[in-house]
1. Restricting the range 58-76 to residues that are modelled with pLDDT of 80 or more and within 37 Å of the chain's Cα centre (by Cα), which is surrounded by the fewest Cβ atoms within 10 Å (Cβ to Cβ)?
2. Kindly indicate whether residue 357 is surrounded by fewer than 17 Cβ atoms within 10 Å (Cβ to Cβ) and modelled with pLDDT under 95.
3. Which of the following residues is surrounded by 13 or more Cβ atoms within 10 Å (Cβ to Cβ) and more than 27 Å from residue 385 (Cα to Cα): 294, 253, 286?
4. Going through the range 135-185 one residue at a time, which ones are more than 28 Å from residue 108 (Cβ to Cβ) and modelled with pLDDT of 75 or more?
5. What number of residues in the range 327-341 are closer than 21 Å to residue 306 by Cα and either modelled with pLDDT under 75 or under 18 Å from the mean Cα position of the chain (by Cα) (or both)?
6. Residue 312: in a strand (DSSP E or B) and within 21 Å of residue 384 (Cβ to Cβ), yes or no?
């Protein structure tokens, strides 16, 4: 987080607890009177730590480290009481939280540590207070707000580190999934290539026809492997779309021409004559429709019907593709757009993930509905220019 963002976050938290200039003045007014009590609070603070192995284990530098930390805590307490509660203050408090994260201090100990300091400061305030009781109550409220804000900043730091750690773990998991998917998909064409190479190297008196057949097999499987690598590359480096007005019907028809479904599948196209243009990148959206058409074809291996219906409603346009295929079980329906998740025996499981990613870049979305044994409907929603 950069300093400006940290300060905006701190101001948001200040507003939430109702921190105002009166609170600031009340806390700063007691700073001098509290000064003699601070060393006592610090000694009590570290004496208590010694009684708790879970907190004490982070001190690996002996008494020298403890003495240094006592000095840091004294500075922290003085800044708490003196302010000013500006951007530099917010950044320093957040860094204190990050330091607790870095040394591996369990977050529960930071919470109870602040609770102990709060109790000590409140007791000292009560012992030094010379004015009316209501003023004491208001000052304690202001002090509690300030300590709560510090606690929130520390928790913010822990959450930031937790999210960063989770993202690192998720990236490693994703890398593992991709590696596993690539290995699985490339192994098949490589096995075919290996078999053909073995034949060409070891066959005695191989006929020209047989030699040509194995060379074609090698060429074909290299093409399959290249397609897998291209699919991964396209998914990882999806270009920025060139958005403009396009004919959705024309885009769908081109996708159908490039991806024929076969004679066993009847295709029904229904596009209103006055259907307005959609906003999108024609080439990228053709990839979306091509993926949906191929999925529908694969779901109807024994034949069936594919209905493609275009419609407009308000500022949105929709294309619904409905097949009469095998359908998708409910437990799979929520995952079919995840990268590398596939219900097919073959395939990387990138088609729907790529389609959704393209649509998001084209200011659109993809929805799916299905009933096992009766078919599926995938709906592409786009906006008008």
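1. 72
2. No; evaluated as a whole, the condition is false for this residue.
3. One residue alone meets the criteria, 294.
4. 135, 136, 137, 138, 139
5. 2
6. Here the answer is yes, as residue 312 does meet what is asked.
The values are calculated or read from the model by the stated rules, or taken from the named source; none is laboratory data. No experiment lies behind these values; they were computed from the predicted model shown. Using ideal geometry, Cβ is built from the backbone for each residue, glycine included, and neighbour counts are taken over all protein chains shown.
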